[in-house]
1. What is the antiparallel percent of DSSP beta bridges lying wholly in the chain, to the nearest 5?
2. Working from Cα positions, state the angle (0 to 90°, nearest 10) between the long axis of helix 190-215 and the longest principal axis of the chain.
3. For the chain, what does -39500 (n - 2.57) per DSSP helix run (n ≥ 4), summed and divided by total residues, give at 222 nm, in deg cm²/dmol to the nearest 500?
4. With respect to the cross-link table entries 417/456; 402/572; 99/241; 343/417, which display a Cα-Cα separation exceeding 21 Å?
5. Treat every Asp and Glu Cβ in the chain as -1 and every Lys and Arg Cβ as +1, leave all other atoms uncharged, and give the resulting dipole magnitude about the Cα centre to the nearest 20 debye.
6. Give the relative contact order (percent, whole number) for region 7-328; include only Cα pairs under 8 Å separated by 6+ residues.
7. Report the Cα-based extents of region 7-328 along its three principal axes, largest first, to the nearest Å.
8. Identify, among 153, 113, 21, the residue whose Cα sits farthest towards the positive end of the charge dipole of the chain, taking +1 on the Cβ of Lys and Arg and -1 on the Cβ of Asp and Glu, with the dipole about the Cα centre.
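Taken together, the values in this text are just the output of simple stated rules run on the coordinates, not laboratory data. Bear in mind the structure is a predicted one, so any value in this text is a computation, not a measurement. Using ideal geometry, Cβ is built from the backbone for each residue, glycine included, and neighbour counts are taken over all protein chains shown.
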Amino acid sequence: MNKDFSLIGKINEYTGKYKKHFILSWIFSAISGVFMMMPYVFIYFIMSELIDFFKFGGELNSSLLLNYGWSIVGITVLSFILYFTALMLSHTTAFNVRKNMILSSIEKIQSFNMGFHLNNTSGKLRKIIEKNTADTETFIAHLLPDLSQSFVIPIAILILILSFDYRLGIACLIPILIGFFLQFVSMGDKKTKEFNRLYQNALEEMNNSGVEYVRGISVVKVFNQSVYSFKNFYKSIINYKNFVLKYTLNFEVPFSLFNTMINGIFFFIIPTAIVIYNLTVDYKAFILSFIFYIVFMPAITTTLLKILYIANHASVTKESIRRIENMLNYDDLKYSKKSISPKDYGISFEDVSFKYSKNEKYALKNISFNIQQGEVIALVGPSGGGKTTIANLITRFYDPEKGSIKIGGVDVKDISKNELMDIISFVFQENRLFKESIYENVRYGKLDASKQEIMKALEKAQCNDIIEKLENGVDTVIGRDGIYLSGGEMQRIAIARALLKNAPIIILDEATAFTDPENEFKIKQSFDELLKGKTVIMIAHRLSTIKNVDKIYLVDDGEIIESGKHEELLQKEGKYLRMWNEFTNSINWKFKGGVNNA
């Protein structure tokens with residue numbers, strides 16, 4: 001969403017049933033702003049009576065002065081009541097706008113494909129959903145009523161300062177116009193708008209790095225390091241500081257000139273008053289007007305500073321809404337409305353090429369292979385070679401730039417999202433459990449499953465020992481009261497979830513990479529149940545785990561460079577053989593005589 005948009009119009013889209021509150025807040029605030037100017041008119045009339053009495057010897061009309069005084073009190077009280085009502089309405093609108101923004105964001109991001117979540121870290125999303133919506137709420141609640149006044153009050157001020165003595169009024173207007181011209185030229189230029197964007201980027205980067213730092217705090221503590229050792233976090237803080245400093249210094253000169261002009265109105269009005277005084281005939285009217293302008297000037301200065309403050313926050317809020325809109329308008333993958341069901345669960349890649357962004361090199365280049373239904377295949381190769389990318393394309397986390405991916409002879413683009421997710425189970429290298437009971441965590445695999453089905457899945461996943469050691473068994477809530485599971489135990493719970501889902505296609509992404517020997521043994525036992533009769537894609541670095549699969553594909557630099565069974569690949573004496581030798585040497589590594597030997 002790079003095109004410009006109306007801030008008020010865009011906010012209005014999120015008001016929902018509170019549109020009337022939104023409009024009434026503007027109306028009441030605007031009327032309140034006009035009433036704020038009215039006391040100065042009555043002060044003018046009071047001064048007229050007093051000058052007439054003390055200077056020119058007229059008769060003092062005390063009842064009229066009393067009426068003027070009570071009129072000032074009444075209008076001031078009414079102005080405060082209207083402004084308070086406007087604030088109540090704006091706060092109600094603000095809370096609901098933020099609620100609608102957050103709900104829309106949560107609803108949207110959970111529907112986006114996994115590619116969106118892989119490209120947008122949790123820190124960035126949290127910043128957009130929390131910080132940007134909070135900025136918008138603050139603007140609507142506290143500044144939106146003032147924004148309506150910023151349209152009305154300048155008109156009222158203009159009428160007032162030109163009504164009593166247009167010559168003194170023009171003298172007041174000159175510094176105001178110069179100050180605003182200098183300030184708004186600086187605020188409206190491309191450099192300032194770019195600073196706004198970069199400032200938000202720096203804030204997002206700091207949020208991302210902060211979340212990453214907190215997650216890795218145990219490593220920092222173990223090695224007795226400080227925040228300075230965590231380069232990304234430290235760098236993001238420095239970047240944020242630099243952008244804030246640049247952003248502030250960008251306004252140093254224009255804001256100083258603006259302040260000088262609006263606070264230096266007296267330097268314009270007093271010389272003008274001296275010239276006019278020497279030319280005037282009606283001294284009473286002139287003195288009265290001059291005193292009025294002297295009294296009125298502080299109100300003008302305060303109002304102008306408020307308008308500038310609102311304009312600056314409006315710019316920040318506009319950038320915040322732009323980022324929310326960009327997230328909500330993410331160009332998600334298009335799924336077929338009429339799903340074509342695959343005839344079987346074999347998988348084929350036909351000349352598939354893919355890259356993550358236009359400026360990056362291809363992650364996959366002309367990949368073609370076939371997996372028959374019920375086959376177990378393995379993807380091996382160096383990190384960054386393209387193994388996980390192949391798995392991501394099968395599940396439509398992304399779509400290929402060229403070629404097609406088919407399940408049972410049907411292009412995955414022609415299979416509905418729900419059906420595609422129903423036929424594929426994904427067991428990640430690092431599975432996260434929700435802060436709920438073990439029972440509920442497993443039930444996510446099949447929400448309508450009976451308790452008997454869930455308990456059977458846990459048993460097949462070799463989870464009985466986990467349940468038995470917990471006081472509340474399957475009803476134990478993970479992460480509460482100091483109850484946590486090891487990585488291997490969490491992996492077995494995740495496998496139970498996959499078993500319950502019972503999808504015909506299973507993708508295992510380094511499922512035993514970081515488990516201890518005992519958990520690895522139990523996980524392998526659970527695989528016997530999980531993989532039975534399924535089409536399986538295994539991504540593995542531990543080559544011992546894939547010796548008996550139907551076929552191995554060695555993926556390097558986005559291409560399949562070798563394929564075949566384990567023994568066939570060893571006989572080819574290619575890269576797979578070198579990897580196998582390195583693997584066997586690594587597992588035979590041991591300490592001897594205090595010196596490590598490989």
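1. Numbers: 21 of 38 bridges.
Restricted to the chain, the bridges split so that about 55 percent are antiparallel.
2. Compared with the principal axis, the helix lies near 40 degrees.
3. About -20000 deg cm²/dmol.
4. Beyond 21 Å between Cα atoms: 417/456; 402/572; 99/241.
5. Computed about the Cα centre, the dipole is about 360 debye.
6. 27
7. 88, 43, 35
8. 113
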